[in-house]
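Right, one structure below, let's go through it.
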Amino acid sequence: MSDTTFSCTRCQQRGPSLEKPPFPNALGQRIHAGICQSCWQQWLQKQNQLMNHYGLNTMDPDHRAMLLDNLKGFLFNEGSTSQIDTSLEGTITHISK
Ligand SMILES: [Zn+2]
């Protein structure tokens, strides 16, 4: 397996991808597929800042949700859409009519 052609969706740079998904879920796969090690390290620093600033605890579901929101904003530029209930991911609201 060679990732030399891996191109990061965030910084648009070519670089090593993560060795494995950081989370055992779809988001982890997405990060693994699109985010380079450098950007991930930047996020980990940002996460530490957030945790220190807000006194977050990764064992707390609410805090984890907040960190995930920030993660998506940081890595995928999706953070501004706050109030996304990740428990509803995969469900599609019927908007026909
Ligand atoms: Zn990157």
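A quick yes/no check of all residues on (1) at pLDDT below 95; (2) surrounded by fewer than 16 Cβ atoms within 10 Å (Cβ to Cβ); (3) on the phi > 0 side of the Ramachandran plot:
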position: 14; (1), (2), (3): yes, yes, no
position: 39; (1), (2), (3): no, no, no
position: 53; (1), (2), (3): yes, yes, no
position: 77; (1), (2), (3): yes, yes, yes
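Return the total of residues in segment 53-80 being over 16 Å from residue 10 (Cβ atoms) and in a loop (DSSP other than H, G, I, E, B).
Looking only at that region, the number is 6.
Of the conditions (1) modelled with pLDDT under 95; (2) away from the ligand (no atom under 16 Å from the Cβ), residue 29 clears all except one; give me its number.
Result: residue 29 fails condition (1) only.
The values are calculated or read from the model by the stated rules, or taken from the named source; none is laboratory data. Just so you know, these numbers come straight off a predicted model, no measurement behind them. Note: ideal-geometry Cβ built from the backbone for every residue, glycine included; neighbour counts use all protein chains shown.
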